[in-house]
1. What is the extension gain from ASP16 to GLU44, computed as 0.36 nm multiplied by their sequence separation minus the C-alpha to C-alpha distance, in nm to one decimal?
2. Taking the beta-carbon count within 10 Å as an exposure proxy, list THR50, THR12 from fewest neighbours to most.
3. Kindly state, to the nearest 0.05, the FRET efficiency for ALA73 paired with ILE29, given R0 = 22 Å and r defined as their beta-carbon distance.
4. Using modelled amide H (1.01 Å from N, peptide plane; none on Pro or chain starts), what sits under 5 Å from the amide H of GLU48, excluding residues fewer than 5 places away?
5. What is the sum of charges around ILE18, taking Lys and Arg as +1, Asp and Glu as -1, for the other residues whose C-beta is under 14 Å from the C-beta of ILE18?
6. All other residues with a Cβ under 12 Å from the Cβ of GLU48 taken together, and with Lys, Arg as +1 and Asp, Glu as -1, what is their net charge?
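Bear in mind these aren't lab numbers, they're just calculated from the coordinates by the rules spelled out. Remember, it's a predicted structure, so these values are computed and weren't measured experimentally. As a convention, Cβ positions derive from the backbone with ideal geometry for all residues, glycine included, and neighbour counts pool all protein chains shown.
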Amino acid sequence: MERPSSLGSDCTSPQDVINLNQKYKIAKIRLFDPVPEALEALSESGLEITMGVTDQDIPTIAQSQEDARAWFADEFSESVLPAMQFLNGVVRNLD
């Protein structure tokens with residue numbers, strides 16, 4: 001399956017989206033995929049971030065706390081996470 005974030009050729013850059021959020025005082029943003037470019041741009045933005053979890057990842061995350069931690073470590077760069085103020089994993093509805 002192609003990542004939704006990769007569809008289209010004229011998408012707004014992650015930094016431009018963050019700038020618009022800040023300009024209009026929108027404090028929260030939701031990502032449906034851990035796209036490295038978006039995570040990097042968000043790293044020092046001060047925005048509250050909600051991350052979607054794909055249906056394919058749910059069985060892995062649900063197996064154990066250790067598996068959930070491993071998934072989290074694989075999906076999110078340790079260099080990006082410390083700068084984020086808020087990260088909330090949510091289940092993505094693909095219906």
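1. Working: separation 28, 0.36 × 28 = 10.08 nm, distance 1.40 nm.
This chain segment gains 8.7 nm when fully extended.
2. Numbers: THR50 14, THR12 10.
In increasing order of surrounding Cβ atoms, one gets THR12, THR50.
3. Values: r = 22 Å, r/R0 = 1.00.
After rounding, the FRET efficiency stands at 0.50.
4. Amide H neighbours of GLU48: LYS28, ILE29.
5. Values: positive: LYS23, LYS25, LYS28, ARG30; negative: ASP16, GLU37, GLU40, GLU44, GLU48.
Here the count lands on -1.
6. Numbers: positive: LYS28, ARG30; negative: none.
Here the charged neighbours net out to +2.
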